[in-house]
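S.K.: Structure in structure tokens, see below.
The values are calculated or read from the model by the stated rules, or taken from the named source; none is laboratory data. Worth saying up front: this structure is predicted, and the values here are computed from it rather than measured. Neighbour counts are summed over all protein chains in view; Cβ atoms, including those assigned to glycine, are modelled from backbone coordinates with ideal geometry. These area figures cover heavy atoms from the full protein model, side chains too; ligands, DNA and RNA do not enter into them. Shrake-Rupley method; radii C 1.70, N 1.55, O 1.52, S 1.80 Å.
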Amino acid sequence: MIDRDVSLAPFTTLGIGGSANYFAKVGNENEVDEAVRFAKASNLGLFVLGGGSNVLISDSGFSGLTMRVAVTGIETLESDPAGKEVYVTAGAGEDWDRFVAFCVANDLAGVECLSGIPGLVGGTPVQNVGAYGQEVAETIVSVRCYDRTTGTFNLLSNRECGFSYRSSIFNSTDRERYIVVGVTYRLLRGGAAKVAYKDLVEMFDDRRPSLSEVREAVLKIRRKKSMVIDPDDPNSKSVGSFFKNPVISYQELERLKKADVGMPFFEFGEMAKIPAAWLIERAGFNKGYALGGAGISANHTLALINRGGATAAEILALKDQIQKAVHSKFGILLQPEPIYIA
């Protein structure tokens, strides 16, 4: 069913955005195919909307067809006689944190550190969602997609998804080609929780925590930073981290350290990762900074928030201010995580 003039702001965690000229909520693969064919026959642009947790929609909305993917369901399949490796397949429209809670409750290790991240399952392979030392590329086996170029459903392997830091073919080389309808993860029954993030390491010391303990610890950390969506917490009205942590060469790092010897960094393969929050604060933007209805969270420098009645234009203006200041001071252009829809 195609609806007209549907406000998109309520479907986003920022609560910002104009209306969709055409809107379709699709609950199965046939409806996905029908919606795509409608858009093509009507010569309409197509915007695929998931949980709205990684998107900034313009104040004018979207003139084409907005498709909200609502394919749900969770299925498990033991992949070895011992029952250790378990394949878990979830529809793209499943709430991500509900999925993580399901896995933890069933003693399935592999996604516990990704607790509390807003959005839907379908968005996780797109961004290669990661946090607290874990990312979905570590466990994704395959992604079931609708190929808009052929009008068919395909199963892409982990390798074919081209995962890298916060990236995949779905948001880079083939951004307009695939629509994710389901994801299969390989998890380990009775496996050890991943404790790699500094705060988690310090919290549990040498003790081996359970999956549920790690989940609760991550949720506690995220809530403290207002990174769990909470209607009672105005600082959580965001898309989470607005900027990616820049990844640079060690040669570039040495240049920057000469200018600021206190610059923190993390090893990232043969590269170095710089905390974007540190760069932003060093460039003069502190927690609680405001620009009209937009602002920086009082609890997390990376989160740009809707302070109340913010427009997309105000969020973009704040983004531009931060990017220009960081680039001027460090020569680094911060890359936004959310996509902008106009």
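S.K.: Tally the residues that are acidic (Asp, Glu) and farther than 22 Å from ALA294 by Cβ, restricting the search to the stretch 216-249.
M.R.: Residues that pass the stated criteria total 1.
S.K.: When you look at ILE322, is it part of a helix (DSSP H, G or I), β-branched (Val, Ile, Thr) and modelled with pLDDT of 95 or more, yes or no?
M.R.: When the stated conditions are applied, ILE322 passes them.
S.K.: Count, please, the residues in the stretch 312-342 that happen to be under 25 Å from ASP59 (Cα atoms), polar (S, T, N, Q) and open to solvent by 50 Å² or more (accessible area, probe 1.4 Å).
M.R.: 2
S.K.: What are the pairs with Cβ atoms under 6 angstrom where one residue, in the stretch 324-342, is closer than 13 Å to ALA277 by Cα and touching a residue at least 60 places away in the same chain (Cβ under 8 Å) and the other, located anywhere, is surrounded by 18 or more Cβ atoms within 10 Å (Cβ to Cβ) and among the small types (Gly, Ala, Ser)? Sequence gap at least six, or different chains.
M.R.: These pairs meet every condition: LEU334/ALA276.
S.K.: Only one of these conditions is not met by ASP107: (1) closer than 30 Å to VAL6 by Cβ; (2) surrounded by fewer than 24 Cβ atoms within 10 Å (Cβ to Cβ). Which number is it?
M.R.: So the condition that ASP107 fails would be (1).
S.K.: Another question, then. Would you pick out the residues in the stretch 39-50 that are part of a loop (DSSP other than H, G, I, E, B) and either in contact (Cβ under 8 Å) with a residue 12 or more places away in the chain or small (Gly, Ala, Ser) (or both)?
M.R.: If the condition is that a residue be part of a loop (DSSP other than H, G, I, E, B) and either in contact (Cβ under 8 Å) with a residue 12 or more places away in the chain or small (Gly, Ala, Ser) (or both), then SER42, LEU44, GLY45, GLY50 are the ones that fit.
S.K.: Here's another thing I want to ask about it. Return a yes/no flag: does the stretch 71-87 have any residue that is in contact with a strand residue (DSSP E or B) (Cβ under 9 Å, 6 or more places away or on another chain), closer than 29 Å to ASN306 by Cβ, in contact (Cβ under 8 Å) with a residue 60 or more places away in the chain and buried (at least 21 other Cβ atoms within 10 Å of the Cβ).
M.R.: Within the stretch 71-87 (the criterion being in contact with a strand residue (DSSP E or B) (Cβ under 9 Å, 6 or more places away or on another chain), closer than 29 Å to ASN306 by Cβ, in contact (Cβ under 8 Å) with a residue 60 or more places away in the chain and buried (at least 21 other Cβ atoms within 10 Å of the Cβ)), the answer is yes, since at least one residue qualifies.
S.K.: Also: Could you please let me know if ALA35 is touching a residue at least 12 places away in the same chain (Cβ under 8 Å), of a type in the set (A, V, I, L, M), open to solvent by less than 20 Å² (accessible area, probe 1.4 Å) and more than 24 Å from GLN127 (Cα to Cα)?
M.R.: In short, no.
S.K.: State whether one or more residues within the stretch 298-314 are at negative phi, among the basic types (Lys, Arg) and in contact with a strand residue (DSSP E or B) (Cβ under 6 Å, 6 or more places away or on another chain).
M.R.: Scanning the stretch 298-314 turns up at least one residue that is at negative phi, among the basic types (Lys, Arg) and in contact with a strand residue (DSSP E or B) (Cβ under 6 Å, 6 or more places away or on another chain).
S.K.: Can I ask one more? Taking PHE170 as the residue in question, decide whether it is assigned to a helix (DSSP H, G or I) and farther than 21 Å from VAL218 by Cβ.
M.R.: yes
Here's the yes/no breakdown for (1) of a type in the set (S, T, N, Q); (2) without any contact (Cβ under 8 Å) to a residue 24 or more places away in the chain; (3) within 25 Å of ARG68 (Cβ to Cβ):
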{"residue": "PHE99", "(1), (2), (3)": "no, no, yes"}
{"residue": "CYS103", "(1), (2), (3)": "no, no, yes"}
{"residue": "ASN106", "(1), (2), (3)": "yes, no, no"}
{"residue": "SER115", "(1), (2), (3)": "yes, no, yes"}
{"residue": "PRO118", "(1), (2), (3)": "no, no, yes"}
{"residue": "VAL121", "(1), (2), (3)": "no, no, yes"}
{"residue": "VAL126", "(1), (2), (3)": "no, no, yes"}
{"residue": "VAL141", "(1), (2), (3)": "no, no, no"}
{"residue": "TYR146", "(1), (2), (3)": "no, no, yes"}
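S.K.: Within the stretch 11-26, how many residues are open to solvent by less than 40 Å² (accessible area, probe 1.4 Å) and closer than 22 Å to PRO125 by Cα?
M.R.: Number of matching residues: 4.
S.K.: With the requirement that a residue be open to solvent by 80 Å² or more (accessible area, probe 1.4 Å) and not in a loop (DSSP other than H, G, I, E, B), what does the stretch 282-304 give you?
M.R.: Selection gives ARG282 alone.
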